[in-house]
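The values are calculated or read from the model by the stated rules, or taken from the named source; none is laboratory data. What you see is a predicted model, and the numbers here were worked out from it, not measured in a lab. So basically every Cβ, Gly included, is an ideal-geometry build from the backbone, and we count neighbours across all protein chains shown. All accessible areas refer to the heavy atoms of the entire protein, side chains included, with ligands and DNA or RNA removed. Shrake-Rupley method; radii C 1.70, N 1.55, O 1.52, S 1.80 Å.
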Amino acid sequence: ENLENTKNKSKKKKTMPSPTLMLDKHYTLFASRGLQCDGCNRGKDYYSKGYRCIQTRLYFHIECAESDLEIHNLYHPQHSLHLKVLAANEDVNGECKLCRGNLAKMYYYCSICDFAIDLICARKEVVTKIEGIKTHEHSLSLVSKMIMFTCHLCGVLDDRFPYACNLCDLSFHKDCAESTPDINYSCHPKHLLKRLTHVPSYTDGKCCLCENKLHNLFYHCSICNFSVDVNCANNPPDFTLTNLKAHEHSLILMPQRSFVCNACGMDDDPNPYVCPQCNFMIHRNCIDKPRVIKIYRHDHRIYYNHSLDAGDWKCGVCHKKINWTCGAYSCSQCPDLAIHLRCATRFDIWDGVELEGISENTIEVKPYEEIEEGVIKHFSHEEHTLKLKEESDANDEFVWCKACTYPIFSSPSYCCMECDDFSLHKKCAYLPKKKIDSFYKISTTLITDLPAHIKGYYCDVCQNYFQGFRYMSDDDKRIYMDVRCGSISEPFFHESHPHLLYANYSSGARFCKACGDKATMVLSCEECEFDLDIKCSSMPKIVKHENDKDHFLSLCYGDKKRDQCWCDICEETINPGQWFYSCDHCGIDFHIRCTLGDFIWFKPGKHQESSDVHWETSYDVFLNNRATRPFCDCCNSRSKYP
């Protein structure tokens with residue numbers, strides 16, 4: 001996560017784009033609306049494309065991600081500046097030496113001089129001489145040093161990069177030197193705006209358009225109490241807009257108006273674009289809203305509507321009230337679904353693709369062909385047919401599902417009518433061949449073969465090793481997920497919690513309610529503080545163990561009524577507030593880890609292995625169903641956990 005870890009010692013100005021983001025499989029190209037870039041701290045008000053890390057949630061515009069690794073800047077001519085990117089868990093300290101703004105996660109830095117500038121200032125053209133200005137009769141030259149001076153126009157004492165007149169021994173800020181006493185401003189055509197260097201006491205001290213704090217120089221109308229900073233004065237927003245998708249008439253900017261946006265129902269921006277004849281008001285960044293989109297939390301496309309039918313509507317994402325007189329998304333096939341505009345276009349909800357005008361492919365490729373009732377031909381075992389077995393022998397623990405490599409037990413399953421060693425849980429047989437996964441938000445394909453030279457795979461979601469079927473990303477990132485994680489869809493229901501759960505990520509630590517461990521990738525509840533680690537969400541509900549041959553052990557979701565309980569395997573205490581396995585008949589309890597061990601998703605038996613420096617040519621996987629275990633050949637001791 002740190003670009004300095006890459007080979008950036010090249011003297012070339014332009015190097016390979018995005019040295020970390022392009023190689024890290026957790027970064028994917030993403031289209032965003034209203035998502036702030038962690039490289040430049042901009043982007044909330046417009047549509048952009050960039051790279052997003054699905055784990056840390058860092059987002060970088062393409063332009064920022066492809067920044068030069070080394071630059072030469074005239075504000076710091078003595079040394080080169082090198083690109084620095086902070087990790088997600090690193091705090092950003094310091095300010096840009098040019099604009100004094102807070103630094104973002106990505107900036108240019110000289111370690112010799114402790115000199116830093118942000119990406120926006122680094123991209124700006126450096127003006128070395130200012131001529132033909134109204135502020136002073138002589139030309140002004142840049143002094144590329146951090147020296148103390150007092151600006152001749154605004155009178156503010158400063159310590160960096162003045163523009164000086166060598167004849168008069170006077171110094172100016174760049175903005176002050178280039179300013180004029182008054183301006184005709186397109187967004188305030190009624191009156192001239194006067195240049196001010198001190199904020200009047202009757203104002204709120206903020207720019208009326210961008211709401212940033214006013215500094216030593218700005219423009220102001222005392223009649224209307226209207227102020228704009230230098231940036232907005234030099235880059236005014238469009239005063240009139242025509243967008244027939246947003247509204248049938250032209251829209252006019254009317255700053256400083258309290259209003260409720262007709263498009264999103266929010267009232268957090270006092271600068272609407274207005275159609276006076278229709279009494280229609282809309283945010284600037286709601287004008288080009290997408291009309292047809294597909295979100296991760298719903299199976300169908302959803303469509304933007306300017307209003308809903310009268311009624312008590314709740315958002316399908318945030319579960320808060322929707323103002324039915326304002327715009328929202330709805331589904332043509334699910335009449336009870338409605339979603340706020342901002343909720344539907346969130347990064348973790350929408351893939352950023354506008355689908356208007358794109359035909360919908362509703363053909364679903366099933367993983368099996370139904371031969372007759374209860375008999376199918378599965379694409380993973382096409383040579384034979386599979387017959388449905390509604391109830392397996394509960395005592396037969398040696399029939400294993402080829403997909404999830406877990407015993408069938410008493411679950412409904414499909415068994416090969418000719419082979420003795422091919423069975424699939426019924427739910428595993430129905431796994432889709434293609435799906436958008438809930439965690440990386442990418443297209444994945446179900447892969448059923450395990451090459452002979454591969455001992456297993458590492459799941460990039462739950463971080464367990466596994467065998468069996470797997471979902472693999474369709475891009476070149478080669479992300480692997482076991483079928484348990486790959487088949488999770490949002491919303492996710494778990495019987496341990498009454499509310500629906502959704503995939504969530506956090507750079508800070510979240511604690512799993514099941515095991516108490518820290519986790520960044522979890523299933524969380526949006527109605528209460530409940531987080532479930534991914535590995536715990538797929539924990540088997542029943543298991544068999546040698547310590548209780550006659551009964552199944554059931555997964556217990558904690559027991560707050562009990563003060564203390566003991567593990568029958570390791571004989572240590574169990575936290576009754578966390579999950580554990582228990583036998584209702586015998587009254588004995590077991591730690592999760594003691595019961596399952598480290599390789600729960602490996603099939604027991606002898607496995608052949610081709611040449612691998614870490615493994616012998618063959619190895620055995622033992623069932624974790626007894627308290628005694630063989631010695632480890634690596635550490636020469638018995639592990640605490642089987």
Self-check item: Accessible area per residue in Å² at 1.4 Å probe, computed on region 344-503
Solution: 50 Å²
Self-check item: Among (i) -0.65, -0.82, -1.21, -1.41; (ii) -0.58, -0.74, -1.15, -1.39; (iii) -0.80, -0.95, -1.22, -1.35, the entry derived from the coordinates for log10 I(q)/I(0) by the Debye sum over Cα atoms at q = 0.08, 0.09, 0.11, 0.12 Å⁻¹
Solution: (iii)
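Measure up Lys206/Lys321; Lys434/Lys513; Lys426/Lys541; Lys49/Lys289 against 21 Å on the Cα-Cα distance and list the ones that go over.
Values: Lys206/Lys321 31 Å; Lys434/Lys513 31 Å; Lys426/Lys541 16 Å; Lys49/Lys289 15 Å.
Beyond 21 Å between Cα atoms: Lys206/Lys321; Lys434/Lys513.
Roughly how many Å² is the accessible area per residue of region 72-228, as a whole number, for a 1.4 Å probe? List each step's numbers first, then the result.
On the way: 8350 Å² over 157 residues.
In whole numbers, region 72-228 has 53 Å² accessible per residue.
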Quiz item: Taking the simple approach of a point 7 Å from Cα along Cα-to-Cβ for both Ala310 and Lys434, what is their distance in nm?
Solution: 4.5 nm
Quiz item: Given Cα pairs under 8 Å that are at least 6 residues apart, what percent is the relative contact order of region 56-202?
Solution: 14 percent
Self-check item: Rough spin-label spacing in nm, given labels placed 7 Å along Cα→Cβ, for Asn234 and Glu529
Solution: 4.6 nm
Quiz item: By the scheme Lys and Arg +1, Asp and Glu -1, what is the net charge of all other residues having a beta-carbon under 12 Å from that of Thr385?
Solution: -4
Practice problem: Specify whether the C-alpha gyration tensor of region 232-273 places it in the rounded, prolate or oblate class, a ≥ b ≥ c being the square roots of the eigenvalues: rounded for a/c under 1.5, otherwise prolate if a/b is larger than b/c and oblate if not. | Solution: oblate
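Asn102 to Ser489: FRET efficiency via 1/(1 + (r/R0)^6), r the Cβ-Cβ distance, R0 35 Å, to the nearest 0.05?
Numbers: r = 39 Å, r/R0 = 1.12.
According to the calculation, E is roughly 0.35.
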Quiz prompt | For region 268-407, the fraction of alpha-carbon pairs in successive 10 Å shells from zero, as % | solution = 9, 27, 21, 16, 15, 7, 4, 0
Quiz item: Around Leu214, which amide H atoms from residues at least 5 apart in sequence, or from another chain, sit under 5 Å from its own amide H, with H modelled in the peptide plane?
Solution: Lys206, Cys207
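Rounded, prolate or oblate: which one fits region 368-455, using the alpha carbon gyration tensor with axes a ≥ b ≥ c (rounded when a/c is under 1.5, else prolate when a/b beats b/c, else oblate)? Display every interim value, and only then the final one.
Values: a/c = 1.59, a/b = 1.42, b/c = 1.12.
Here region 368-455 falls in the prolate category.
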Exercise. Using 0.36 nm per residue of separation minus the Cα-Cα distance, give me the extension gain between Gln78 and Lys427 in nm, one decimal.
Key: 119.0 nm
Exercise. Starting from the Cα of Val126, step 7 Å toward the Cβ, then list every residue of region 76-91 with an amide N under 14 Å from that point.
Key: 76-82
Quiz prompt | Point-to-point label distance, Ser359-Val375, nm (Cα→Cβ direction, 7 Å offset) | solution = 3.7 nm
Quiz item: Using θ = phi - 60° and the Karplus curve 6.51 cos²θ - 1.76 cosθ + 1.60, what whole-Hz ³J(HN,Hα) does each residue of region 123-135 get, with Gly and Pro shown as x?
Solution: 7, 5, 5, 7, 8, 8, 9, 10, 10, x, 9, 8, 6
Quiz item: On the accessible surface of the chain, probed at 1.4 Å, how many percent belong to carbon and sulfur atoms?
Solution: 48 percent
Self-check item: Semi-axes of the equivalent ellipsoid for region 497-546, Cα gyration tensor, largest first, Å
Solution: 22, 13, 8
Quiz prompt | Nearby aspartates and glutamates by direct alpha-carbon distance to Lys97 (threshold 13 angstrom, same-chain neighbours under 8 apart not counted) | solution = Asp114, Asp118, Asp158, Asp159
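Could you sort Phe530, Phe379 by accessible area so the largest value comes first, with the probe set to 1.4 Å?
Putting Phe530, Phe379 in descending order of accessible area: Phe379, Phe530.
Relative contact order of the chain: what whole-number percent is it, with Cα pairs under 8 angstrom and at least 6 residues apart?
Values: 1272 pairs, mean separation 39.6, N = 642.
For the chain, the relative contact order is 6 percent.
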Practice problem: Restricting to the chain, compute how many DSSP beta bridges are antiparallel as a %, nearest 5. | Solution: 95 percent
